[in-house]
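Everything below concerns the one structure shown next.
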Amino acid sequence: MASEKGASCGDEFRHFDLVSDVLDHHYSKSNQSGKEMQSFANVNGPVQRKIMKEWKILETDLPDSIYVRAYETRIDLLRAVIIGAAGTPYHDGLFFFDIVFPSDYPDHPPRVYYHAHGLRLNPNLYANGKVCLSLINTWSGSKPEKWTPTKSTILQLLVSIQGLVLNEKPYFNEPGTRASQNKMTPNTIKRFMAYNDSVFLLSCKTMLNLLNNPPKHFESFVADHFKRRAEHILAALGAYRNGRCLVGHYTRDGPSPSKPYKVSTDYKESLDKFSAALEGAFNKIGKAAPISNSEAAQNGSQAKIASARTEAKIASSSSAKPQPVSGKPKSSKQKGVWKKFISALASIFK
């Protein structure tokens, strides 16, 4: 399975593979004491057996949007990349994480470092690379949310980062804002939408950083990813600039609003700046090979579902029970909630 080139097999970039060179890994200097090294070297020891089980899970169960590299000479290290999901301000972006197992794994959770490039694009992901997450005991949480040695896995960790951290409304990841999510006033809506706008710009800056300096063993993956998605990314930038859709909700064949959303002059200028910079970077890696029609359709469906889910959650914030994501609300109370939401939203885009 392993090859120094990485993790490629012909033209296919495997979701899980082995590589050897660890020099650029954030945790390459970790676990260097004799006792720590012995715990990983012991073939019959509990640490190596558990890590081998983790490898097996990653080899067979990773979702399409997550890729992982393990290291032949350092079984205590992993590197993962998560593709930002459609329907979020992280769409089409790449987000890299370095992971290290402790010498008493799984008694204690792994440590995780985010390749932030000095940017804070999520309340859980710090500019210095720190990842705040209950699952790895770097944030408070109830017992079920914390690391459980007999149950928790690396796959669970990666899927949690993708679904709970890189989500459609990251503004509400900050504990001090969670209460306001249940009372969506016009000011609250403005704040979380402004946060999404800012996050998207930081995601674009991250794209540029990765194109200029891709992480080792992922060079071909980064280039191919952006070759295929360049057209979609640039089209999204144009759509957001012209107010055709809200940030995170671009789809190639998506409907346009009857009246364009209001976009500030400063934000238009920022989008123009990143559009020009990304187009130049895309040209350097070669002609874009657009994503297929089936992939575009799938992305569009995901974005529409995410958009509907967002509106339904906002509209049902005063009720404990989930409400329909499409169609007219049935109860008079639900109708009132929807009218309140539409009214608040309309006041923003006058």
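The values are calculated or read from the model by the stated rules, or taken from the named source; none is laboratory data. Keep in mind the model is a prediction, meaning the values are calculated, not measured. Cβ sites come from the backbone with ideal geometry, for glycine too, and all protein chains shown count toward neighbours. Ligands, DNA and RNA are excluded from the accessible area calculation, which covers all protein heavy atoms including side chains. Shrake-Rupley method; radii C 1.70, N 1.55, O 1.52, S 1.80 Å.
Select from the stretch 239-262 the residues that are touching a residue at least 24 places away in the same chain (Cβ under 8 Å) and either hydrophobic (A, V, I, L, M, F, W, C) or open to solvent by less than 30 Å² (accessible area, probe 1.4 Å) (or both) and list them in ascending order. Don't jump to the end; show me each part of the working.
At the first step, the residues of the stretch 239-262 found to be touching a residue at least 24 places away in the same chain (Cβ under 8 Å) are 240-241, 246-254, 259, 261-262.
Correct list: TYR240, LEU246, VAL247, GLY248, TYR250, THR251, GLY254.
Restricting attention to the stretch 9-57, and to residues there that are among the hydrophobic types (A, V, I, L, M, F, W, C), farther than 15 Å from PHE101 by Cα and out of contact with any Ser or Thr (no Cβ under 9 Å at 6 or more places or on another chain), which single residue is surrounded by the fewest Cβ atoms within 10 Å (Cβ to Cβ)?
Filtering the stretch 9-57 for residues among the hydrophobic types (A, V, I, L, M, F, W, C) gives 9, 13, 16, 18-19, 22-23, 37, 40-41, 43, 47, 51-52, 55, 57.
Remaining after also requiring farther than 15 Å from PHE101 by Cα: 9, 13, 16, 18-19, 23, 43, 57.
Cutting the leftovers down to out of contact with any Ser or Thr (no Cβ under 9 Å at 6 or more places or on another chain) gives us 23, 43.
Details: LEU23: 6, VAL43: 8.
That would be LEU23.
Can you pull out the residues in the stretch 101-158 that are aliphatic (A, V, I, L, M) and either surrounded by fewer than 16 Cβ atoms within 10 Å (Cβ to Cβ) or under 28 Å from MET37 (Cβ atoms) (or both)?
If the condition is that a residue be aliphatic (A, V, I, L, M) and either surrounded by fewer than 16 Cβ atoms within 10 Å (Cβ to Cβ) or under 28 Å from MET37 (Cβ atoms) (or both), then VAL112, ALA127, VAL131, LEU133, LEU135, ILE136, ILE154, LEU155, LEU157, LEU158 are the ones that fit.
Say whether the condition of being free of Cβ contacts under 8 Å to residues at least 24 places away in the same chain, of a type in the set (A, V, I, L, M) and surrounded by fewer than 14 Cβ atoms within 10 Å (Cβ to Cβ) is met by at least one residue in the stretch 183-202.
Looking for residues that are free of Cβ contacts under 8 Å to residues at least 24 places away in the same chain, of a type in the set (A, V, I, L, M) and surrounded by fewer than 14 Cβ atoms within 10 Å (Cβ to Cβ), one finds none in the stretch 183-202, hence no.
Where in the stretch 55-168 are there strands (runs of 3 or more DSSP E), lying wholly inside it, with at least 1 residues that are in contact (Cβ under 8 Å) with a residue 12 or more places away in the chain and acidic (Asp, Glu)?
94-100
Do any residues in the stretch 263-285 that are closer than 19 Å to HIS225 by Cα have Cβ atoms under 9 Å from those of residues that are outside any helix (DSSP H, G or I), where the two are at least six apart or on different chains, and which pairs are they?
From the stretch 263-285, the pairs are PHE282/ALA288.
Can you name the number of the only condition in (1) open to solvent by less than 50 Å² (accessible area, probe 1.4 Å); (2) closer than 27 Å to TYR171 by Cβ that TYR67 fails?
(2) is the only condition that TYR67 fails.
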